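One structure below.
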Amino acid sequence: SKVTELVLDNCRSSNGEIEGLNDSFKELEFLSMANVELTSLAKLPTLSKLRKLELSDNIISGGLEVLAERCPNLTYLNLSGNKIKDLGTVEAL
């Protein structure tokens, strides 16, 4: 519960989600999940202190609206190398 930075780059996701990443990470300010084969952010826990989120090189194509409600203090987001096809997908942010 005191962890402020978590790097899970290159770990493999299970069914498009990261096992063990849950609401107990209340103090998390930086989270990196690059190249983990994430397909969705639906299982992302509420991380109210998260400021920086690295999600490059995954398989995310939509569902970004969950970031607005679960990560209200987000100031940096990297979605490069994902399957986002049009700008309408990121409008929720």
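The values are calculated or read from the model by the stated rules, or taken from the named source; none is laboratory data. Computed from a predicted structure; not experimentally measured. Quick note on the areas: whole protein, heavy atoms, side chains included, nothing else; ligands and nucleic acids left out. Shrake-Rupley method; radii C 1.70, N 1.55, O 1.52, S 1.80 Å.
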- Taking only pairs that are 8 or more places apart or on different chains, how many Lys pairs in segment 1-92 have Cα atoms under 17 angstrom apart? 6
- Under a 1.4 Å probe, counting only protein heavy atoms, Val3 has an accessible area in Å², nearest 10, of 60 Å²
- Task: Calculate what fraction, in whole %, of the accessible area of the chain sits on carbon and sulfur atoms when a 1.4 Å probe is rolled over the protein chains.
- Result: 46 percent
- Item | Of (1) 10.3; (2) 6.3; (3) 5.1, the label for mean projected area of the Cα convex hull in nm² derived from the coordinates | (3)
- Message: Between Asn78, Asn58, Asn35, where does the largest GNM mean-square fluctuation fall for the chain, given springs only between Cα atoms within less than 10 Å?
- Response: Asn78
- Message: With a 1.4 Å probe and all protein chains left in place, how much accessible area per residue does the chain have, in Å²?
- Response: 59 Å²
